[in-house]
1. In deg cm²/dmol, rounded to 500, what helix-only [θ] at 222 nm does the chain give when every DSSP H run of at least 4 residues adds -39500 (n - 2.57) and the total is split over its residues?
2. Provide the packing ranking of 129-140, 102-113, i.e. peptides ordered by the mean count of other C-beta atoms within 10 Å per residue, highest first.
3. Between ALA51 and VAL158, what length comes free when the chain is fully extended (0.36 nm per residue of separation minus the Cα-Cα distance, one decimal in nm)?
4. With contacts defined as alpha carbon pairs under 8 Å and 6 or more residues apart, what's the relative contact order of the range 40-168 in percent?
5. Gaussian network model of the chain, Cα springs within a sub-10 Å range: biggest mean-square fluctuation belongs to which of ARG99, ARG33, ARG66?
6. Which of the helices in the chain meet the span-like rule: DSSP H, Cα axial reach of 24 Å or more, Kyte-Doolittle mean at least -1.0?
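Values in this text are rule-based calculations from the coordinates and carry no lab data. The structure displayed is predicted, hence computed values, not measured ones. Ideal geometry is used to build each Cβ from the backbone, glycine not excepted, and the neighbour counts take in all protein chains shown.
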Amino acid sequence: MILDFVRTTLHHAITTPAGDGFAPLRLQKGLARRLNITFGQPLCSKEQLSARRVAEERLAKLRAARVSGKVTEAPSATKVAAPVMVYFEKDRNARELVRVEELLKAKSIPYQLLDVGGDEATLKFVMHNAKCEEDDLPIVFVAGAPIGDFRELVAADVSGELAKAIYG
């Protein structure tokens, strides 16, 4: 279309550095760029124009589907899981660590194992926030909030609090 050619050509003219050494031309191009932004960038590159057209088509399809009743709600975004950390000490309660891992894997919950052996600061952080003793490790945290040991993790899973904490 001729209008598309004019839009892209004018966009190129105001964004190219050619002629910026001449002050009157540089000032006019700066003013034109500011006006273009102010009016919602009607002058744009070919790539931006094609992306806008694709978005317009998608919006038209979504509106048509909503009007026809095929879509009852807006498309949902993919759920993003909160970070799940499992703090453990290398040789302490190994069987319970395996059980925690099995539960998280069975629920397809991504998690990260963090060994606190030899890291006094992290161990004190875990014991203070989870209100537990060293013998209670492994301890599960979701987004910095303690869930607890394996029994508390199972209880949170059964009650639905675990999924709520992870996925919101």
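1. The helix contribution divided over the chain gives -18000 deg cm²/dmol.
2. 129-140, 102-113
3. Here the answer is 34.0 nm.
4. Over the range 40-168, the number comes to 25 percent.
5. Checking each option, the largest mean-square fluctuation is seen for ARG33.
6. Flagged H segments are 46-68.
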